[in-house]
Amino acid sequence: MNWWKKFPWRRVLAVVLACAALVFAATFVRGEAMFVGVDASSPDAVVLSEPDLFDGEPLGKLVANQEVETLGQSKGEYVKIRVVINGKKIEGWVKRLALRKEPLQSQPRVTEASGAKQSAQAGKGLNDKIEKEMREGSPEMNAALKRVDDFEASRNRLMGGDAKNPDPAKQNEHYKTFGKDGQLRN
Amino acid sequence: MKKKFQHPLAGTLLAAILLFGLAGCKLFEALSEGVSALKQAKVADSYDPSEEYYIGRGVSAVIIDKYAPVEAKDNRTERQITYVNEMAGYVEAATKGVTRSAFALGSHISNEKDRNSRGEKAQERVANLVLYKGFQVGLLQTEEVTAFATPGGFLWISIGAVNLCNNEDELAAIVCHELAHIILNHGMDNYRAAYKGEIFTSTLGGWFKGDGEGSIFGRLVTSVAEDAFKGYNPEQEYEADAWGTRALAAAGYAPEAMVKVLERVEAYEKANDVKEEDYLAHHPPISNRVKYVKDLITKEKLKPNPKTMSGPAIQARNKRFEEAFR
């Protein structure tokens, strides 16, 4: 029986094409979910109105591990995103490298030369928890890191208006003004 | 009764699918385990931006234990700290088009194979580098001519190095060279080398007791910091000169400022009889670097936009440099 001759190939093909179109459209309309890979104080955490620091205006500020939706548009090192900030939906540009496919997390690590206890332990990565342990175990390191804290606090206050939570948009404004005042840009 | 269609091979086909399905599951499981082990083995090569930031904090702690930082205690010191941070942030933003390719940066190496010695993985890390909190620039209260760049975006410049500069463009040359070490991931390359080689040879090892994670990281970070006191390796220094010189031009500064600064460093070395253990002694011979930078400027015809080199523009930059540091 020549059942394949009666098989509705055209209909199946139409359904397959329709599905492919739907998948394609969904990818580009909904975009891809990504996560912010920089701290809220980073100049790269600012969502800009234009894909350029010197031309763009700040629209909002992202925080680390915040989920954003990429919209499939890119220009230079910037990509267009959609994100909800303070309950408001915003569309703007951020640096592609400030986004990651996975959220930031401290992962266990092993060295290529496996079995080394020190490296295996050290391989867990340095984060605030391990830094705290390091400080508690060493008064000298604690004193030295206290100076780093003081330095960061004064630098943050001067550049971003706040010792703990500097405003990245203010920092970007400093950079733009520096270029303009020094007549380094047209 | 209508006869049901059944292909003679249908049963065999179904059995084969089931068999392959089962085998596939086992195969998939085994493959997954293999991939997972591979991922774990390789994961020591990848660090989150936040981890690089904490490594940078640890290395910075050792640097400012040796050299006291300039504290923002009055208008003058506040102006100085703001000025160098503004400069670094501006340069980073204005130099996006400057290549980070090891091939292009390693043009001082005649052998093409060695030019790519960093390998694809290292090159990929450079291409994907992002700083968790951006650049943070501090000044060190010492007349010694020295500067350090750590993983995670910390940059330290001595007052001695600032005093070596005659104008803003020359200070920008130092900033561009040090930014290059961060942007090209040199600090993390050295950290990885120390980590994989299990180098825990810090003279500050006595700061840490026991085998806890905190102590192990303490020893590692202090080892890397002490290594930083010796400077980067010659290849990294040439790369930083190449990126820094191109960055100067792209940011609107005179690329020749890099030559001027290197010549001043050379004069400083001669005048101060730089010892073997000193930071500068571990850099490649300055005369070679001067020649390399001069050749690069000529070969690539590097020059900034003429407007940024106009009299009023240079005056505006030098005025603020004088106000901050003289």
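Only sites in a loop by DSSP and with at most 16 other Cβ atoms within 10 Å count here; which GluC sites (Glu not before Pro) in segment B:235-326 make the cut? Before the final figure, lay out the partial values.
Working: sites: B:GLU235, B:GLU237, B:GLU239, B:GLU256, B:GLU263, B:GLU266, B:GLU269, B:GLU276, B:GLU277, B:GLU300, B:GLU322, B:GLU323; in loops: B:GLU276, B:GLU277, B:GLU300.
Taking segment B:235-326 and a limit of 16 other Cβ atoms within 10 Å, the loop GluC sites (Glu not before Pro) found are B:GLU276, B:GLU277, B:GLU300.
Work through the residues other than B:TYR253 whose Cβ is under 10 Å from its Cβ and net out their charges, Lys, Arg +1 and Asp, Glu -1.
Details: positive: B:ARG317; negative: B:GLU168, B:ASP169, B:GLU170, B:GLU256.
Net charge around B:TYR253: -3.
What is the set of long-range amide H partners of B:PHE154 at a cut-off below 5 Å, with H atoms built 1.01 Å from backbone N?
B:GLN136
Return the value, in Å² to the nearest 100, of accessible area buried between chains A and B (probe 1.4 Å, both sides summed).
Details: alone 13960 and 17880 Å², together 25440 Å².
Answer for the A-B pair: about 6400 Å² buried.
Give the accessible surface of segment A:32-105 per residue, rounded to a whole number of Å², with probe radius 1.4 Å and ligands, DNA and RNA excluded. Can you show the working numbers first?
Numbers: 3590 Å² over 74 residues.
Per-residue value: 49 Å².
At a probe size of 1.4 Å, how large is the accessible area of A:ARG185, to the nearest 10 Å²?
Rounded to the nearest 10, the figure is 100 Å².
Taking 25 Å as R0, compute the FRET efficiency from the Cβ-Cβ separation of B:ASN288 and B:GLU144 and round it to 0.05.
On the way: r = 23 Å, r/R0 = 0.91.
Working from the Cβ atoms, E equals 0.65.
Considering amide H positions built from the backbone, and no H for Pro or chain starts, which residues 5 or more places from A:LYS61, or on another chain, come under 5 Å of its amide H?
Those qualifying (amide H under 5 Å, at least 5 residues apart or on another chain) are A:VAL47.
Is segment A:36-90 rounded, prolate or oblate when judged by the Cα gyration tensor, a ≥ b ≥ c being the square roots of its eigenvalues, rounded requiring a/c under 1.5 and prolate requiring a/b larger than b/c? Don't jump to the answer; show the numbers that get you there.
Working: a/c = 1.40, a/b = 1.22, b/c = 1.15.
Rounded shape, in that the Cα axes give a/c under 1.5.
Rounded to the nearest 0.05, what FRET efficiency is calculated for A:ALA143 and A:LYS101 with R0 set to 41 Å and r the Cβ-Cβ distance? Show your work: numbers first, answer last.
On the way: r = 39 Å, r/R0 = 0.96.
Computed FRET efficiency for A:ALA143 and A:LYS101: 0.55.
For segment B:162-174, just list the computed ³J(HN,Hα) in residue order, Karplus coefficients 6.51, -1.76 and 1.60, θ = phi - 60°, integers in Hz, with x standing in for Gly and Pro.
So the Karplus estimates, Gly and Pro as x, are 5, 5, 6, 8, 8, 7, 5, 4, 6, 5, 4, 5, 5 Hz.
Using a 1.4 Å probe and counting only protein heavy atoms, arrange B:PHE325, A:PHE35 so the residue with the most accessible area comes first.
Working: B:PHE325 15, A:PHE35 45 Å².
Solvent-accessible surface, decreasing: A:PHE35, B:PHE325.
Fully extended, how many nm does the chain gain between A:SER49 and A:CYS19 (0.36 nm per residue separation, minus their Cα-Cα distance)? Intermediate values should be presented prior to the final figure.
Values: separation 30, 0.36 × 30 = 10.80 nm, distance 3.46 nm.
Gain on extension, A:SER49 to A:CYS19, equals 7.3 nm.
The values are calculated or read from the model by the stated rules, or taken from the named source; none is laboratory data. Remember, it's a predicted structure, so these values are computed and weren't measured experimentally. Note: ideal-geometry Cβ built from the backbone for every residue, glycine included; neighbour counts use all protein chains shown. Heads up: the accessible areas ignore ligands, DNA and RNA and are worked out on the full protein's heavy atoms, side chains in. Shrake-Rupley method; radii C 1.70, N 1.55, O 1.52, S 1.80 Å.
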